[in-house]
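The values are calculated or read from the model by the stated rules, or taken from the named source; none is laboratory data. From a predicted model like this one, the values you see are computed outputs, not experimental measurements. So basically every Cβ, Gly included, is an ideal-geometry build from the backbone, and we count neighbours across all protein chains shown. These area figures cover heavy atoms from the full protein model, side chains too; ligands, DNA and RNA do not enter into them. Shrake-Rupley method; radii C 1.70, N 1.55, O 1.52, S 1.80 Å.
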Amino acid sequence: MTPSDAASDPQIAALQAAAEQAQAELEAAQAQAALAAAKVKAAEAAAALAGAGITATGGVPGTAPASAPGEAPTTVVPSEPVAATAEPLATDALPADALPADALTIDTIGPGPLGLDDVVRIRDGYVVHGPALEMGALVNGDPLPGVQVRIPLSVMNRHGLVAGATGTGKTRTLQGLVEQLSAAGVPVFAADIKGDLSGIATPGESSPKLLDRTRGIGQDWTPAATPTEYFALGGVGKGVPIRATIAAFGPLLLSKVLGLNATQESSLGLVFHYADQAGLPLLDLSDLRAVLTYLGSDDGKSELKDLGGLSGATVGVILRELITFADQGADVFFGEPEIDTADFIRLDPSGRGIVSLLEVPGVQDQPALYSTFLMWLLADLFNTLPEVGDPEKPKLVFFFDEAHLLFRDASKDFLAQITQTVRLIRSKGVGIFFVTQTPKDVPGEVLAQLGSRVQHALRAFTPDDAKALKATVSTYPTSGYDLGEVLTSLGTGEAVVTVMNEKGAPSPVAWTRLRAPEGLMSPTPDAAIDATIAASPLLARYGTPVDRESAREILTAKLEEANQAALAAEAELERQRIAAELAKQQAAADKAQAAAQRKADAEYERLLRKTAGTTRRTSTRSTSSSSKSPLEEILGSKATRSILTGVVEGIFGTRRRR
C-alpha cells in the first residue's frame, strides 16, 4: 500500500460516516414530515366530521348524551375505525391516530355468527347524521356497545312493522319508540290493548338487573315520564270519549264492521247517498235504522225508484246486523260530539309530543269495530291534513296494535282503501307502525310500504308456525345470519332490525338487543290515570254526549205528520159515510111517513063517506046545505083527527120517532 493509499483510508471513512449521518437525518426529517402530514389529515377529517354534524363524546362510543325534557335526543355516531391489528379495519374516513382506543377487532366483535367485515358493514349502515331513535346495540354472541342500531327520525313517516310472538317484548319496543318520539317533539297515537302501555306516563323503577342490562348495551338509563292523554271509544273505559258520526264513518268501513257482502255494501252506500241528498243527518245507529226502515216502507220505496230501488230482503239483513251490532255495545261509539283528529297532534308546554293512548277493553269481543275505528281515524287524518312532502320529522306517528284484526275478512275494496291510505298518508307527515305477530298478518301490498322492520322472536312449534317462519325470512334482505335459526333463538327484548336509512335505502339486517323504556314497564296506577283524565282540557269538549235533531227525529216528525194527515182523511171519510147513511135512513123514514100519511088520509076519507050516507037517511030535512050532524062535527074536529091519526099510525107502525 502506498502512502497515498494509507492517507485516503481515513478520508473515505469520514466521508462514509458523513453520508450515513446525512441519510439518518434525511430519514428523521421524512418521518417528521409524515407525522405532520398525518396530523394535518387528522385535523381535516375531524373538521369534516364536525361539519357533517358528527361529534364524539366520552363514555361508550355510539351512545347519546341525555336530553333535557322537550329536546330531541342527540344522536352520536360512532367513529371507531380500528387501530393497527393483525386485521385492521379499512377506512378512508378517519386516519389511524383519530380512531378510538376500543376500535373493533377480531378479538372484540365476539364469538357470534358475524365476521369482522359483517360487523363493520352493519356499524356503517346505521351511521345517522341527523336526529334518530336509538334502538339498541348489535348482538354478536354478546352485545357490542360500540355498534348502535338507529332509525333516522326523518324516515319515521315511511311506516314500519313491529312483529313477534306473544311475550317477546313487542310492547316494550313500542314503549321505547313512543318515549323517544315524544322527546323529539313528535305526537303519537297508540292503542293500549292490554293496559301496559300506560306506564309511559310514570317514571320507571330502577333495579340492579335493569341497570346491568342497559350498561351492557351502552344505554345511559334514567327514569322519565312522558306527557300522556287517555282516550276511550265512546267513553267505555277510562279516558276522554272518542266518538264518530255514522256519516263520517261511511258505508265502506261500516260494511266491514257488519260483515256485509258486496251487494249489501252497495245498497248501504245507496242509503248513505239518499240520506245526504235528502238532508237527513246520520249521527248514530238509530238514525241509520230509521232511514232504512223508512226506505223499506210503502211510503219510502218510491224515494229510491230512480236510483234502482232497495230490496226488502237487503234492508232486513242490514237492520238485523245493526241490531246485533248495537247489542254488542257499539251504539255508544257513534254520535256527537265527534272527535277532531287535530287534537291528537299536540305538544306540551316544553315542546314534547303528547302521547294519545286509546284504551280498548274487550277488543277480542269487538275486533272489527276496533280495527275499523282506527282505520277511520287514519282516513280522517288523511282527508284533513295538508301535504308536507318529506319533513325532517313526522307530524304524527300512529301505532296500530293487533293489526291482524284490521285485515281479517277484509273485502278487496277495503284492502284497496287501506293500501292507498298507507301509501299516500306519509306525504301528510304521518307515519304508521303496524304491531302484530307475524309479517304474514299484513297483506303484501301494505307490507311493501313499510320502511322499518323490528322482528322479535317467532315460534316454530307446529307446521303452520314453520311455514310462517319461512315466509318471514323470505321478506328480509340478504345478510350474514341464518335468519331461520336466529328468529327462533332471540331472547326477550331482542329483535332482528332493518330500517330505511337517510338515503332511502334499507340498512343491513342487525340482531339487536333493544333499549329499555325509561317509563314504568307496568300500568300506571288508576288514581293517577283518573287525575290526568279529570285535568284534561278535552274532557269538557267531548265528555258529554249531544243528541241534536237528526235523521231519526226528522223522519219521525215526517211520519207523524203523514200519520196525522192519514188519520184526518180517514176520519173525514168516516164522517161522510155516516152522514150518507143517516141521509139514506132519513129518506126511507120520510118515504114511510108519507105512505102512512096517505093511508091515514084515505081511511079518514072512507070513514067520512061512510058516516055521511048514514046521517042523510036518519036526519030531518034541513033548509041549509052547510049544516052538519053531531057525528060529523065530532069526526071533523081537530082532536078526533089527532086521535084517529095516532090509532092508524099505531096499527101500521108508521109513527115517526122524534
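Give me Rg/Rg_expected for the range 262-347, where Rg uses Cα atoms only and Rg_expected = 2.2 N^0.38 Å with N residues. Don't skip to the answer; put the middle values down first.
Numbers: Rg = 15.0 Å, N = 86, 2.2 N^0.38 = 12.0 Å.
That ratio works out to 1.26.
Going through the range 419-514, which trypsin sites (Lys or Arg not before Pro) have at most 15 other Cβ atoms within 10 Å and a DSSP loop state?
Within the range 419-514, the qualifying trypsin sites (Lys or Arg not before Pro) (loop, at most 15 other Cβ atoms within 10 Å) are LYS503.
What FRET efficiency comes out for ARG541 versus ALA471 if R0 is 56 angstrom and r is the Cβ-Cβ distance? Round to the nearest 0.05.
Taking R0 as 56 Å, the efficiency between ARG541 and ALA471 is 0.75.
Evaluate the distance, in nm, between pseudo-label points positioned 7 Å from the Cα of ASP142 and of ASN563 along their respective Cα→Cβ axes.
Reported label-point gap for ASP142 and ASN563 is 8.3 nm.
Could you pull out the pairs from LYS170/LYS412; LYS194/LYS440; LYS238/LYS440; LYS256/LYS428 whose alpha carbons sit more than 27 Å apart here?
LYS170/LYS412; LYS238/LYS440
Going by the alpha-carbon gyration tensor, a ≥ b ≥ c the square roots of its eigenvalues, is the range 405-481 rounded (a/c under 1.5) or, if a/c is not under 1.5, prolate (a/b greater than b/c) versus oblate?
Values: a/c = 2.45, a/b = 1.48, b/c = 1.65.
It comes out oblate by the Cα gyration axes.
Which ³J(HN,Hα) values in Hz, rounded to whole numbers, follow from the phi angles of the range 240-252 under the Karplus curve 6.51 cos²θ - 1.76 cosθ + 1.60, where θ = phi - 60° and Gly and Pro get x?
5, x, 10, 10, 9, 7, 4, 4, 5, 5, x, x, 5
Please list TRP511, TRP376 from largest to smallest accessible area, probe radius 1.4 Å, with all protein chains kept in place.
TRP511, TRP376
For ARG346, what residues show an amide H to amide H distance below 5 Å, using hydrogens built from the backbone and excluding near sequence neighbours?
ILE354
Residue by residue through the range 403-408, which ³J(HN,Hα) values in whole Hz follow from phi under the Karplus form 6.51 cos²θ - 1.76 cosθ + 1.60 (θ = phi - 60°), with glycine and proline marked x?
Result, ordered by residue: 5, 4, 5, 5, 9, 5 Hz.
Suppose each label sits 7 Å from its Cα in the direction of the beta carbon; what would the GLU574-ALA534 distance come out to in nanometres?
Rounded to a tenth, the inter-label distance reads 6.0 nm.
Please work out whether the range 349-447 counts as rounded, prolate or oblate from its C-alpha gyration tensor, where a ≥ b ≥ c are the square roots of the eigenvalues and a/c under 1.5 means rounded, while otherwise a/b larger than b/c means prolate and anything else oblate?
Values: a/c = 1.90, a/b = 1.32, b/c = 1.44.
Note, shape of the range 349-447 comes out oblate.
Can you list the HN-Hα couplings for the range 536-548, worked out from phi with the Karplus curve (6.51, -1.76, 1.60; θ = phi - 60°), rounded to whole Hz and with x for Gly and Pro?
Each residue's phi maps through the Karplus curve to give 5, x, 7, 5, 5, 7, 10, x, 9, x, 10, 10, 8 Hz.
Of the peptides 408-414, 350-356, how do they stack up when ordered by the mean number of other Cβ atoms within 10 Å, highest first?
Ranking, from highest mean packing down: 350-356, 408-414.
Once a ≥ b ≥ c are taken as the square roots of the eigenvalues of the Cα gyration tensor of the range 457-519, is the result rounded (a/c under 1.5), prolate (a/b larger than b/c) or oblate (a/b not larger than b/c)?
Oblate, because a/c is 1.5 or more while a/b does not exceed b/c.
List the residues, sorted by chain then number, that are 5 or more residues from TYR476 or on another chain and whose placed amide H is less than 5 Å from its amide H.
Here nothing satisfies the definition.
Any chance you could look up the accessible area of SER297 with a 1.4 Å probe, heavy atoms only, rounded to 10 Å²?
Around 40 Å² of this residue is reachable by solvent.
Give, in nm to one decimal, the length gained when the segment between ALA589 and ARG609 is fully stretched (0.36 nm per residue of separation minus the Cα-Cα distance). Can you show the working numbers first?
Working: separation 20, 0.36 × 20 = 7.20 nm, distance 3.01 nm.
Net length gain for the segment: 4.2 nm.
What is the calculated FRET efficiency for LYS194 to THR222, with r their C-beta to C-beta distance and R₀ = 30 Å, to the nearest 0.05?
Between LYS194 and THR222 the formula returns 0.70.
If I model a spin label as a point 7 Å beyond the Cα along the Cα-Cβ vector, how far apart are those points for VAL388 and ALA527 in nm?
3.9 nm
What residues have an amide H closer than 5 Å to that of THR524, excluding those fewer than 5 places away on the same chain, when H is modeled at 1.01 Å from N in the peptide plane?
The answer is SER198, GLY199.
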